[in-house]
Every structure is written in C-alpha cells, then in structure tokens.
Amino acid sequence: MKINPVRGTHDLFGDEINKFNKVVAEVKNISQQFGFNELITPIFESSELFKKPLGEQSDVVLKEMYTFNDRNEDEITLRPEYTTPMIRAAISNGLLNNLPAKFFGTGQMFRRERPQKGRYRQFNQINFENFGSDDLFADIEIICLANTLLKKLIPNSKFTLHINTLGARENLSDYKKILSKFFNNNQKFLSKDSLDKINTNPLRILDSKNPEDSVLIKKSPKLIDLTSKTDLNNYEEIKKSLTGLGINIFEDPNLVRGLDYYCHTVFEFKSNELGSQDTLIGGGRYNGLIQTLGGKNLPGVGWAGGIERIMLLMKSIPKKQENIHLAILDPTFKLHAIKIYDFLIKNNFSVYWNYKYNLKKSLSFANEKRINYLIIVGENEKANNNFSLKNLSNGKQVIVNIDNILDYLK
RNA sequence: GCGAACGUAGCUCAGUUGGUUAGAGCGCGGCCUUGUGGUGGCCGAUGUCGGGGGUUCGAAUCCCCUCGUUCGCCCCA
C-alpha cells in the first residue's frame, strides 16, 4: 500500500526545511526589532469567524474553505487566513487593552484551490498585525518591516511595492454601488468572467488581466474622486515616506484586494521571477474589522506573506556540517570509541560516524562532506587508551587522549 | 472550477513508424587496497515505464479513464 501526499500538500526536508527555518528565524529577529509579539492561534476555528469578514461572495469563502462539522455539529473551518484568527485571539484574551497591540505569527493556512507553483492547498504564512492605531506611522512602519524582511531573505531578487488607497470604508461601499451601476450599463464591453462579478465583487473587475476589459476599465468611475482630501493627503504622505526610505513603489490605482475587510492603504510586494502567483506579501488597513468581530471599534493594519513563495526565491543554504568524523576500524573497538564520542559531544563539538568499519571509506566520506577532523579508533589506540587525531586540511596526525584532545581542536 | 503540456532507476534524462530480456550519466554497493584522502580501474543492483482499463500475435510507445506535477485562466500569500 503506497499512500501519496494529498494534492497540494508537501513534505519539507533537506534544503527546503533549511530555507523554511531561516525564514521563520528571520521573522522572529525582525519582530523583536520592530516590537511585535508572537501570537499563535489554532489551526481551526468556527466557520463564522471567516464568512462575514472575508466577504460572503469572496472566492475564499465561496469555494476554497475546508469546512466540516464536528461530532456535535459545530461547523469548523481550517483557517484560510491569519488576520481574523489573530483579532479573535486578541479579543478572547483581552490583549487590546494596551494600544497599540502589535502581533505576528507564522503557520499553516488552507485553501482548496488548484495547485500551481507558488500556490498550495496547505501553505505557510507570515502575518504581522498592528491593532489600535490610526497613525500613518503604523502603515509606514509595517510596510517598512515587510521590505526589511524581504531584503534580508532574498537580497538578490527584485521586488516592487504596489500601493493604492481605497479610501474610507463608507466611500468604498458607495463606490462599489457606483461601479456596479456603471458596469451594468456597459455589459457588452466586459469579458464573461467580469460579468459574473458586477454585482458580487465589482472591485475585482478593476484588476482583471483580460484585455477585453481594459478599455472599459479606463473609462470607469475613479475611486479617487470619492476619496476625501484628508485621506488623499495621508496617502501622499505615506508614499513620500516610503520613497524616502528607498523603497521602490509602483502606484497602482487598480490594486484592490480579494478580501472584503480592507480600506485606506492597500499594498502588495510583487516579484516578476515567480510567474503567475507573483505576490510575496499582501496587506493593508482594515479599520472596522475588529468591531465586526465583536471587539471595540479599533483600527488596524497588517499584512500576510507567503513563506513558500519567498522560499522559491531563496538561494540554497548549506547544511551545517559535523566537524569531527569517527573512523572505527573494527566492531570490538566501539566501547573505546564511544568514550571520545561522548566526551566531544559534551564539549559542544558535533561528531559523526557512518557505521562503516573501513578507514578508507571514512576518509572518503569525511572528504566529501568537508569535515575538518578524523578520529581513528583502531587496535593500537584501544590497547594504549588513546586516539589518533588527523587534521584533514593539512594531513597532520597526532596521538591524543581525552585529557589533551581539546588542545588540538580549535 | 476551465484550458494545455508532461509523468521511464534515488536524481537528471534517452528510448526510432508498436517488435525479444527497457538504457545512459550522476549517485549507491562490492573489489583492486585487511590502518590513511579528493582521483583512477573492474564488477554489480537498480524499475509495477504514475495507476487502471482497452486495441493488438505483441504496448514505455496507440485509445479511454484516473491520479499527480507544471504553465495559462481564475484566485491569492
């Protein structure tokens, strides 16, 4: 019986796990620098946590969630995103009393989509969320954090910050109505896919890649005309600050996000080295969401990053090698060998033996793995209660014992 | 969910218009060499040709179904 991994899921090992661990380590580093605290939430939640905030008509809710009934008929969903669970956890545990409340987390998300490069059914996200502040500094800070992280992890890749403002939540709902009306009056100029979105999610027509739609999109009412002067000034200030930080920005008035809760600043870090799934990090402001989930009326801003997508752009990371290799020449010398093995481990060296009683093989092995030292345990060594230590880079060999071996190892 | 390409050894891939026992390189194991190095030489094992069904005297090769991967759409991280 051979059982394969479920479609869209992967096992992590070798170079991939090294990359994965590096991402997580760097995330923890940077979170410390920017003053964010770790918050880990369960893999599954009540389905209702996701349905309304993400949008009843969004694709994620409509066809991508892994939802099932528990034995007592509670409806459970494997989390498809991390922002709403984090808010839920912050509310559940009274973490919103000291503001701003800055949290981050990494973990698996689940969406039932067609797998593709950079798109998997179980995938890992990094999330940074800042609850409770309307200050533009929060927007700038969290985008700067994202940029810093990407620069650290993929210094040789080019990525661009796409940015837009959706304006205040009230303007946005007005704008959706105006857009629906406009598209309804011009149905014959729209592609089939876009027609389906007129009433459910007209914003998404704006970022359609279909050339059929491009003429009409150009003529469509502009969100910017509904946005207040204050909001536009704020947006300008954010862009100016980011440019001042040396971040490459691309202003994209058609950038909208797929989840319903966004307003004001929205952004995506994109790479052109990834193909179709090219967004490394996406996020924005979500004023009103915390209240929707039963908390106080607090603003918030945050982003999510795809760990697998970042890993696709990372160079391979060499495994840290053991620095000492054993060569045990006969099974009867094992008891003698284990003494030095144990001693070296206790002194923080890493020691390896490949279970082969053959000096030549041990040398070849150590060479191939670029191990610095070889300890030979043979008949003479056992008889005299010592060991032969060979420095593989210069070929010099000395007789040592447990009392003085540390003098010869650097 | 839609469209297309692909799937042969642990890895990268050959495999002619269907024809005996399915190949190469790398890697792996053994020996040359029973206590000293990266080479070198000789031998060896690789396998449900993704899976199932069909056509045929005969299928890795043709047809159908299915699973998976990749690319595009869609969606998004």
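The values are calculated or read from the model by the stated rules, or taken from the named source; none is laboratory data. Predicted, not measured: the structure shown is a model, and the values here were computed from it. Positions of Cβ are generated from backbone atoms using ideal geometry, with glycine treated the same way; all protein chains shown enter the neighbour counts. Surface areas here come from the heavy atoms of the whole protein model, side chains and all, with no ligands, DNA or RNA. Shrake-Rupley method; radii C 1.70, N 1.55, O 1.52, S 1.80 Å.
Below, the figures for the structure above:
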quantity	calculated
Tally, over the range A:245-269, of residues that are at pLDDT below 90, charged (D, E, K, R) and open to solvent by less than 40 Å² (accessible area, probe 1.4 Å)	1
Only one of A:124, A:130, A:37 that is within 11 Å of RNA strand B (Cβ to nearest atom) and either under 21 Å from the mean Cα position of the chain (by Cα) or within 28 Å of residue A:10 (Cβ to Cβ) (or both)	A:124
Total residues in the range A:43-61, condition free of Cβ contacts under 8 Å to residues at least 24 places away in the same chain and surrounded by 14 or more Cβ atoms within 10 Å (Cβ to Cβ)	2
Residue that is farthest from residue A:205 (Cα to Cα), among those in the range A:221-244 that are crowded, with 18+ Cβ neighbours inside 10 Å and not charged (D, E, K, R)	A:242
Qualifying residues in the range A:200-248 (those that are of a type in the set (Gly, Ala, Ser) and in contact (Cβ under 8 Å) with a residue 60 or more places away in the chain) - the one nearest to residue A:159 (Cα to Cα)	A:241
Residue in the range A:320-329 that is near RNA strand B (Cβ under 9 Å from one of its atoms) and either surrounded by 14 or more Cβ atoms within 10 Å (Cβ to Cβ) or among the aromatic types (Phe, Trp, Tyr) (or both) present	yes
Checklist (1) closer than 16 Å to residue A:400 by Cβ; (2) among the aromatic types (Phe, Trp, Tyr); (3) free of Cβ contacts under 8 Å to residues at least 12 places away in the same chain applied to residue A:355, failing item	(1)
Inter-residue pairs, beta-carbon under 8 Å, first free of Cβ contacts under 8 Å to residues at least 24 places away in the same chain and in the range A:3-17, second more than 11 Å from RNA strand B (Cβ to nearest atom) and open to solvent by less than 100 Å² (accessible area, probe 1.4 Å), 6+ apart	A:12/A:20
Residue list for the range A:275-309, restricted to those being over 13 Å from residue A:86 (Cα atoms), more than 16 Å from RNA strand B (Cβ to nearest atom), open to solvent by less than 40 Å² (accessible area, probe 1.4 Å) and not hydrophobic (A, V, I, L, M, F, W, C)	A:287, A:288, A:299
Unique match (being open to solvent by less than 20 Å² (accessible area, probe 1.4 Å), of a type in the set (A, V, I, L, M), over 32 Å from the mean Cα position of the chain (by Cα) and on the phi < 0 side of the Ramachandran plot) among A:190, A:206, A:161	A:190
